[in-house]
Amino acid sequence: MTRRMEYQKHLIFSILLHAIVLFMLIASFEWHQIMPVLKNSDKIIDAMLIEESINPTNTIQDLPKVVPKKPEPPPVKTKLESTPTPPKTASVIIPKNDKKIKEAMIQKQLLEDLQKEKIEQKKKHQKEVQNALLKEMQDLHEQTARENALREQKRLQNLRAQQMQGVVDKYKALILQAISRHWLVSPQINKKLSAELFIRLAPGGVVLDVQLTKSSGDVALDRSAKDAVFKASPLPVPNNADEFEAFRQFVLKVKPENIAAM
């Protein structure tokens, strides 16, 4: 019974020893990332088979002796293996003498740069055209506005002139009627004759001066015409100051047959 216990102790010791060796090998594998070769694995299997084949009725003399072997040290890795070199990145190597590849790459780059430059020039040209078109439209709009303003101003001036001419024609007829009522003409005077008088009036139609600018050839007729203007004072004139400016001084053509217009 004592031998059996001793044998079991030796067996347990052998199993523990092999387990420790196995653990060390596994740890060495995980640390160095190299799978060690287990030469004593067959002994472990033999030990396990022997333990299973032991019969309680057998004696210690019938059992084979198991002599544990010392584990072999793990192989020492060399310096090259312990420090793996990182993989080098692949690089494209262009042969020095291959000028065609280099020229093709240069031409491709030049074409790309030329295409970019053309695109930029096209955009710049489009922008310039747009700016020119906007400026032309603005100038046309300003020119149209100026032309419209000038046309409107001219229309107003024409309208004012027409209105003024109507005022002049109206008061001209009134002045001629007033002068004809005070003009005494001899029956022997040629009624086809005419004279021109320069008349200056004050506001309200008061006659300030009358001068003969063109004689009719008959002194008596000229004198009677001047006298008729002074006798008709004050002459009928517009009350509006702007309209009166046309009658402040003016030339009046008169003749016995028909007192002429100015």
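Could you tell me how many of the residues in the range 191-242 are hydroxyl-bearing (Ser, Thr, Tyr) and closer than 18 Å to Ala178 by Cα?
The total comes to 3.
Which residues, counting only those in the range 148-167, are modelled with pLDDT of 85 or more, under 22 Å from Asn240 (Cβ atoms) and charged (D, E, K, R)?
Arg155 - this is the single residue of the range 148-167 that is modelled with pLDDT of 85 or more, under 22 Å from Asn240 (Cβ atoms) and charged (D, E, K, R).
Looking only at the range 230-262, count how many residues are within 19 Å of Asp169 (Cβ to Cβ) and assigned to a helix (DSSP H, G or I).
Within the range 230-262, residues that are within 19 Å of Asp169 (Cβ to Cβ) and assigned to a helix (DSSP H, G or I) number 7.
I'd like to verify a number: residues in the range 241-260 that are closer than 19 Å to Gly204 by Cα and touching a residue at least 60 places away in the same chain (Cβ under 8 Å), how many?
4
Determine if the range 181-192 includes at least one residue that is of a type in the set (Ser, Thr, Tyr) and part of a helix (DSSP H, G or I).
Within the range 181-192, not a single residue is of a type in the set (Ser, Thr, Tyr) and part of a helix (DSSP H, G or I).
In this structure, does Leu176 turn out to be within 55 Å of the chain's Cα centre (by Cα) and part of a helix (DSSP H, G or I)? It would help to see each step written out before you state the result.
Details: within 55 Å of the chain's Cα centre (by Cα): no; part of a helix (DSSP H, G or I): yes.
So Leu176 does not fit the description; no.
Among the residues of the range 204-226, which ones are in a helix (DSSP H, G or I) and touching a residue at least 12 places away in the same chain (Cβ under 8 Å)? Explain how you work it out, then say what you get.
First, pick out the residues of the range 204-226 that are in a helix (DSSP H, G or I): 219-226.
Scanning the range 204-226 gives Ala220, Leu221, Asp222, Ser224, Ala225, Lys226.
Which one of the conditions (1) in contact (Cβ under 8 Å) with a residue 60 or more places away in the chain; (2) among the charged types (D, E, K, R); (3) not assigned by TED's automatic domain parsing to the domain that holds Pro234 does Glu117 fail to meet, given that it meets all the rest?
All conditions are met except number (1).
Just wondering, is there one or more residues in the range 175-190 that are assigned by TED's automatic domain parsing to the domain that holds Phe247 and of a type in the set (D, E, K, R)?
Yes, the range 175-190 contains a residue that is assigned by TED's automatic domain parsing to the domain that holds Phe247 and of a type in the set (D, E, K, R).
Mind checking whether some residue in the range 154-165 is within 30 Å of Gln249 (Cβ to Cβ) and in contact (Cβ under 8 Å) with a residue 24 or more places away in the chain?
Yes - at least one qualifying residue is present in the range 154-165.
The values are calculated or read from the model by the stated rules, or taken from the named source; none is laboratory data. For clarity, every value in this text was computed on a predicted model and none was experimentally measured. Heads up, the Cβs are rebuilt from the backbone with ideal geometry, glycines too, and the neighbour counts pull from every protein chain shown.
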